[in-house]
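*Asks:* Mind looking over this structure? Questions follow.
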Amino acid sequence: MGNGITHRSCLTYRPEIDGLRAVAVLGVILFHADFSVSDQNLVPGGFLGVDIFFVISGYLISSIIIREMERQSFSFASFYERRARRILPVLMTVTLVSTPMAWMFLIPEAMREYCYSIIGSILFSSNFYFWSEDPYWATGGTIRPFLHTWSLAVEEQFYLIMPLVLLLLCRLENKARLTLICILALASLGIAQWTSSTRPEFAFYLLPARMWELLAGTMMAVLEQQRGRANSTRGTQSPLTQHLPTFGFFLVILPMFMFSSDTQHPSVLTLVPVIGTMLIIGFANGTDLTVKILSSRPFVAIGLMSYGLYMWHFPIFSFGEIILRDEGNAASVILIFLSVLLASITYFSIERPARNRSLISIKSFVAIAGTATLLIMTFSVIGLVNGYAFRFPAFLAELPKAERIARHQWTRSTGGSAPDKRIIVVGDSHMQMLAPELRKLAFDAGYEFAVSTYTGCQLIAGANRVRSADLSRHKRCTSALQEERLSFIEQSKPSFVILGGRLPLILEETRFDNQEGGFEGKMNFFIQDDGNSLDSKTDRNAFIKGQYHATVDRIIKAGHRVILIYPIPEVGWNVPEKLAEKIIGASGDAREIAATDPVTTGADVFKARTAGARELLDHITDDGIIRIYPEHLFCNTAIADRCVTHGTENLFYRDDDHLSDIGARMLAELVMSAIEKSD
């Protein structure tokens, strides 16, 4: 991204590297544009453009540092000044232009996230913020306009330590220097391989699992410094080495069409585009057709403005999704054109002048950058309080974070509880949203209360949640956890055991599509047995149904009463954001808009989506089963044949499928009423 070397650099200008940068940024943009045919992204592995950028960055920056150290002209102050002149002007410009759009279109909670990400991007630590939030692939990622700055943060963190590393390595012999860099790279690759299956967010966002890609570029710089360029003398080239850049180009391009968000990444698989990039950098020569193409004017032009193009495209796509309200290919073309236009303007009016010391002195640069930073940071810090909530009606502004409560733990009500009044809630994040509100009502009624909820992990004996790409198991949702939860229940005194979760998700093995434009995205996991022997959806469905029934039988045999929570209607849209879109796009009172043009989904779609789940639960006919139907609260109530998601004063959902505290309170009251009636 922010790693360009211009004609005025101390290195010999290499146009093919600018061309390679063009390939990288186009891959990223086409991936985020989500050009689709038959609902399939045409460039599902375009995100690998970032990995190509990392290798290029490692090579160019290390080459500069090594060259200046050889000449004994390296200065930390000068190095970081050049980095600041390269990075900050575009970052500040994109931020200042994006913030008014955020003010207009982002609801308070989204604005708070926006402010966090802005602070992170200015401090080059946004990768830590996004690591703590949802995965990069999570549905709705494009509503976070500065999500893409995570890679910029990784690069800058690398630049903080690399000059010191190279300064120390310069004291070693050539062979030892290269050996140590290889050891560091292999260690980082090992971290990436391990964490990409056990802690994928860590692997994706953080430097320890990404450093090997940057160090791959450093290796090429060190080799070039020690042995010279492999292509420096045309006469010494063999026919094989002459065509290595073309081979490398295929290694770069093919994974962009073969990888996807399901691919374990970064991992040893990522070596393919990384090695391809190294081959192009190390063996580029004037006789190779690929090098000629990459050195052509169109590729070089895009490469020169690739940093601005990378920085502009994601905010434009984010706000464009809200404004255009169209996820089709035509909208993507418009947004790409706008990204290129703004990147071009920025390159000539911001980037190039900012890097020219004779045009902008260091004092002027510090004054301008400091003022912009102060303004942006002040706005962002204030925005952390409540996301400038006064911009929206209270029922959109006041959406508190979901309360988290302890797992596997009894909590006794302060007023004392009867010996036969106990409640245990077990399930996934849908039950996690219900638990805090239900606990309040349980305490009021004198019940003891326990909870065991894990995101994406319903209670099904013997079940494992696995990635669809490689069948690797989720770090928590395993058959061992299921047995631990069941043992906890079996060892507990007689209780009301509440089972629930997003059954349609694991039975249909697809995320929700409301058939009206609200689609959550691709499914990337499913349920498996311990031996990963379930080869088809039919086999997995049969397993889930059988094990769910067996789970209920075990709980009942332990002396408990079971309460089955039927599916909570899914929405497909993020409800607060969808309602905000309607309010922003129309004139009139917000409550009137909420009443006359509400966010709803078809009850018939809900019935079709949940048919398998209803059949599963209906066939559990053990004595004493209590059945709770959330649809009675939301579907065919205020509007015939529709499922509602909010009123004129309250939101019932906090996103596209999880209940808000108000919605959870409504469901908790339904559950407690059923419990009281059964006693």
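*Asks:* Could you identify the single residue in Ser73, Ser78 that is among the hydroxyl-bearing types (Ser, Thr, Tyr), part of a loop (DSSP other than H, G, I, E, B) and under 25 Å from Ile360 (Cα atoms)? Step through it out loud before you land on a result.
*Replies:* On the way: Ser78 fails: part of a loop (DSSP other than H, G, I, E, B).
Just one listed residue meets the conditions, Ser73.
*Asks:* Assess whether Ser57 counts as being within 28 Å of Gln264 (Cα to Cα) and surrounded by fewer than 18 Cβ atoms within 10 Å (Cβ to Cβ). Show your work before the answer.
*Replies:* Working: within 28 Å of Gln264 (Cα to Cα): yes; surrounded by fewer than 18 Cβ atoms within 10 Å (Cβ to Cβ): no.
No.
*Asks:* Run down Ser188, Ser196 and say which single residue is buried (at least 18 other Cβ atoms within 10 Å of the Cβ), farther than 23 Å from Arg21 by Cα and at pLDDT 95 or above.
*Replies:* Values: Ser196 fails: at pLDDT 95 or above.
None of the other options fit; the residue is Ser188.
*Asks:* Identify all residues within region 519-542 that are part of a helix (DSSP H, G or I) and open to solvent by less than 40 Å² (accessible area, probe 1.4 Å); write none if there are none.
*Replies:* Arg540, Asn541
*Asks:* State all residues of region 351-369 that are under 22 Å from Leu304 (Cα atoms) and open to solvent by 50 Å² or more (accessible area, probe 1.4 Å); if no residue qualifies, say none.
*Replies:* Correct list: Arg352, Arg355, Asn356, Arg357, Ser358, Leu359.
*Asks:* Just checking, how many residues over region 328-343 are within 11 Å of Ala33 (Cα to Cα), out of contact with any Phe, Trp or Tyr (no Cβ under 8 Å at 6 or more places or on another chain) and open to solvent by 10 Å² or more (accessible area, probe 1.4 Å)?
*Replies:* 5
*Asks:* Continuing with the same structure: Go through the residues of region 24-47 one by one and say whether even a single one is among the small types (Gly, Ala, Ser) and under 25 Å from Lys363 (Cα atoms).
*Replies:* Let us first name the residues in region 24-47 that are among the small types (Gly, Ala, Ser), namely 24, 27, 33, 36, 38, 45-46.
Subset that is under 25 Å from Lys363 (Cα atoms): none.
Scanning region 24-47 turns up no residue that is among the small types (Gly, Ala, Ser) and under 25 Å from Lys363 (Cα atoms).
*Asks:* In this structure, does Thr346 turn out to be exposed (fewer than 12 other Cβ atoms within 10 Å of the Cβ) and either within 21 Å of Trp103 (Cα to Cα) or not aliphatic (A, V, I, L, M) (or both)? Steps first, answer last, please.
*Replies:* Values: exposed (fewer than 12 other Cβ atoms within 10 Å of the Cβ): no; either within 21 Å of Trp103 (Cα to Cα) or not aliphatic (A, V, I, L, M) (or both): yes.
It is false that Thr346 is exposed (fewer than 12 other Cβ atoms within 10 Å of the Cβ) and either within 21 Å of Trp103 (Cα to Cα) or not aliphatic (A, V, I, L, M) (or both).
*Asks:* Another question, then. Which condition does Cys643 not pass, out of (1) part of a loop (DSSP other than H, G, I, E, B); (2) among the hydrophobic types (A, V, I, L, M, F, W, C); (3) in contact with a Ser or Thr (Cβ under 9 Å, 6 or more places away or on another chain), if it passes all the others?
*Replies:* Cys643 satisfies all of (1) part of a loop (DSSP other than H, G, I, E, B); (2) among the hydrophobic types (A, V, I, L, M, F, W, C); (3) in contact with a Ser or Thr (Cβ under 9 Å, 6 or more places away or on another chain) except (1).
*Asks:* Same structure, new question: What helices (runs of 4 or more DSSP H) completely inside region 231-344 contain at least 2 residues that are under 30 Å from Asp513 (Cα atoms) and not polar (S, T, N, Q)?
*Replies:* Numbers: elements: 239-242, 244-258, 271-283, 289-294, 297-304, 306-324.
Per the criteria, 244-258, 306-324.
*Asks:* Quick check: is even one residue across region 620-632 within 33 Å of the chain's Cα centre (by Cα) and surrounded by 18 or more Cβ atoms within 10 Å (Cβ to Cβ)? Please lay out each step first, then the result.
*Replies:* Residues of region 620-632 that are within 33 Å of the chain's Cα centre (by Cα), as a first pass: 629-631.
Subset that is surrounded by 18 or more Cβ atoms within 10 Å (Cβ to Cβ): 630-631.
Yes, because at least one residue in region 620-632 is within 33 Å of the chain's Cα centre (by Cα) and surrounded by 18 or more Cβ atoms within 10 Å (Cβ to Cβ).
*Asks:* Name the residues in region 656-679 that are open to solvent by 20 Å² or more (accessible area, probe 1.4 Å) and closer than 19 Å to Gly602 by Cβ, would you?
*Replies:* First, pick out the residues of region 656-679 that are open to solvent by 20 Å² or more (accessible area, probe 1.4 Å): 656, 658, 661-662, 665-666, 669-670, 673-674, 676-679.
The answer is Asp656, and nothing else.
*Asks:* So, one more: Looking at the structure I just gave you, is Ala613 at pLDDT below 90, open to solvent by less than 50 Å² (accessible area, probe 1.4 Å) and in contact with a Phe, Trp or Tyr (Cβ under 8 Å, 6 or more places away or on another chain)? Can you show your working first?
*Replies:* Values: at pLDDT below 90: no; open to solvent by less than 50 Å² (accessible area, probe 1.4 Å): yes; in contact with a Phe, Trp or Tyr (Cβ under 8 Å, 6 or more places away or on another chain): yes.
Against the criterion (at pLDDT below 90, open to solvent by less than 50 Å² (accessible area, probe 1.4 Å) and in contact with a Phe, Trp or Tyr (Cβ under 8 Å, 6 or more places away or on another chain)), Ala613 does not qualify.
*Asks:* I'd like the full set of residues that are crowded, with 21+ Cβ neighbours inside 10 Å and modelled with pLDDT under 95, limited to region 88-108.
*Replies:* Matches in region 88-108: Ala102, Phe105, Leu106, Ile107, Pro108.
*Asks:* Next up: Scan region 3-28 and report the pairs whose first residue is closer than 21 Å to Phe158 by Cβ and buried (at least 19 other Cβ atoms within 10 Å of the Cβ) and whose second residue is modelled with pLDDT under 95 and among the aromatic types (Phe, Trp, Tyr), with Cβ atoms within less than 6 Å and a gap of 6+ or a chain change.
*Replies:* Note: no pairs meet the criteria.
*Asks:* Follow-up. In this structure, is Glu155 surrounded by fewer than 22 Cβ atoms within 10 Å (Cβ to Cβ), acidic (Asp, Glu) and part of a helix (DSSP H, G or I)?
*Replies:* Numbers: surrounded by fewer than 22 Cβ atoms within 10 Å (Cβ to Cβ): no; acidic (Asp, Glu): yes; part of a helix (DSSP H, G or I): yes.
In short, no.
*Asks:* Residue check: is Glu133 closer than 19 Å to Val28 by Cβ and acidic (Asp, Glu)?
*Replies:* Values: closer than 19 Å to Val28 by Cβ: no; acidic (Asp, Glu): yes.
For Glu133, the condition - closer than 19 Å to Val28 by Cβ and acidic (Asp, Glu) - is not met.
*Asks:* Can you go through Gly546, Gly572, Gly531, Gly500 and tell me which one is free of Cβ contacts under 8 Å to residues at least 12 places away in the same chain and within 25 Å of Lys607 (Cβ to Cβ)? Spell out how you get there, then give the answer.
*Replies:* Details: Gly572 fails: free of Cβ contacts under 8 Å to residues at least 12 places away in the same chain; Gly531 fails: within 25 Å of Lys607 (Cβ to Cβ); Gly500 fails: free of Cβ contacts under 8 Å to residues at least 12 places away in the same chain.
Result of the check over Gly546, Gly572, Gly531, Gly500: Gly546.
*Asks:* Let me ask another. Tell me yes or no: at least one residue of region 375-390 is modelled with pLDDT of 95 or more, polar (S, T, N, Q) and either open to solvent by 40 Å² or more (accessible area, probe 1.4 Å) or more than 25 Å from the chain's Cα centre (by Cα) (or both).
*Replies:* yes
*Asks:* Here's a follow-up. Look through region 122-140, keep the residues that are closer than 25 Å to Met523 by Cα and open to solvent by less than 10 Å² (accessible area, probe 1.4 Å), and return whichever of them is modelled with the lowest pLDDT. Step through it out loud before you land on a result.
*Replies:* Narrowing region 122-140 to residues closer than 25 Å to Met523 by Cα: 127, 129-140.
Still in the list and also open to solvent by less than 10 Å² (accessible area, probe 1.4 Å): 127, 130.
Working: Asn127: 94, Phe130: 91.
Among them, the one singled out is Phe130.
The values are calculated or read from the model by the stated rules, or taken from the named source; none is laboratory data. In this text the structure is predicted, and so the values were computed from the model without any measurement. Quick reminder, even Gly has a Cβ in these numbers, built from the backbone with ideal geometry, and neighbours come from all protein chains shown. In case anyone asks, the SASA skips ligands and DNA or RNA and just uses the protein heavy atoms, side chains included. Shrake-Rupley method; radii C 1.70, N 1.55, O 1.52, S 1.80 Å.
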